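All remarks here apply to the structure that follows.
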Amino acid sequence: MSIFGTSPRTDPSPSKYTETTYTFLRRAAGPVWDQVRALIDDWMLNYPARDRASIEGRLRSGNDEHFISAFWELYLHEMYRRAGWAIEVEPDVPDARTGPDFLVSQDGMAYYVEARCTFERQASSGAGARLQTIYDAVNEIDSGAFFLSVTAVRIGTQSPSTRQLRVDLECWLRGLDPDEITLSLSDNDPNRFDWQADDWQLVFHPVARSPATRGEPAGRPLGVFLPSEASFIDDVGSLRAALED
């Protein structure tokens, strides 16, 4: 049985920002997603039966970091299997605090494999979820001849009502002429739209669509995401910690 279930799928819409990868794959209709589901199911069948429960649980968890980490392990297992390596899952390592994911061996050679993913941490997972809710709401508007860029200058402590935001965005875009808009993502852009509500502050810039596509629905209006500030991402520290373990 598929880990994504067997219920009929009729919703071909793109993934929402508030939707996890597993939830999307479970409901997404279409031949492309049928192939993705079938591939993952095939890889699961090639994984040792006694070790499937853990990796399947993480794929189904509803947590994208768990899903991506489990997928990476599944991918590596399938890669080594197809290349003809013998694979032991979670081998015992004397005196180690934690064991590696695999011990692989072939033609007198053997080594351990630890599958590890690094993730950029949102300052607050709650803040990230609130922002994603707004992104989904913005993608429901009729953006006409434009795509949008957005910068989250300040993420509020509570989820705001998005109805007025959608109304204001559509009104603003109707007042713009796409043939007169020059792409500008600077603070001095005269066509920018600043939205504030309580302790929220978002900035939108219009991005004119090509003339040939303006008669078609924009699909998802949000197309460009600009950071409000630079930040340092430490991938090295987490990978070093994994190696030390």
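Some observations on this one:
- If the condition is being among the small types (G, A, S) and either in a loop (DSSP other than H, G, I, E, B) or loosely packed, with under 10 Cβ neighbours inside 10 Å (or both), then the stretch 210-236 contributes S210, A212, G215, A218, G219, S228, A230, S231.
- If the condition is being within 16 Å of D245 (Cα to Cα) and either surrounded by 13 or more Cβ atoms within 10 Å (Cβ to Cβ) or free of Cβ contacts under 8 Å to residues at least 24 places away in the same chain (or both), then the stretch 97-110 contributes G99, P100, D101, F102, L103.
- Entry remark, the stretch 153-189: residues being closer than 16 Å to A208 by Cβ, modelled with pLDDT of 90 or more and assigned to a loop (DSSP other than H, G, I, E, B) number 3 in total.
Each row is one residue, and each column tells you yes or no for (1) loosely packed, with under 11 Cβ neighbours inside 10 Å; (2) not hydroxyl-bearing (S, T, Y).
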| site | (1), (2) |
| --- | --- |
| S159 | no, no |
| R163 | yes, yes |
| C171 | yes, yes |
| L176 | no, yes |
| L185 | no, yes |
| W200 | no, yes |
| V203 | no, yes |
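- Where a residue in the stretch 72-93 is assigned by TED's automatic domain parsing to the domain that holds D107 and its partner, wherever it lies, is part of a helix (DSSP H, G or I) and of a type in the set (G, A, S), with Cβ under 9 Å and at least six apart: E90/S54
The values are calculated or read from the model by the stated rules, or taken from the named source; none is laboratory data. In this text the structure is predicted, and so the values were computed from the model without any measurement. A quick note on method: Cβ atoms are made from the backbone with ideal geometry, for glycine too, and the neighbour counts reach across all protein chains shown.
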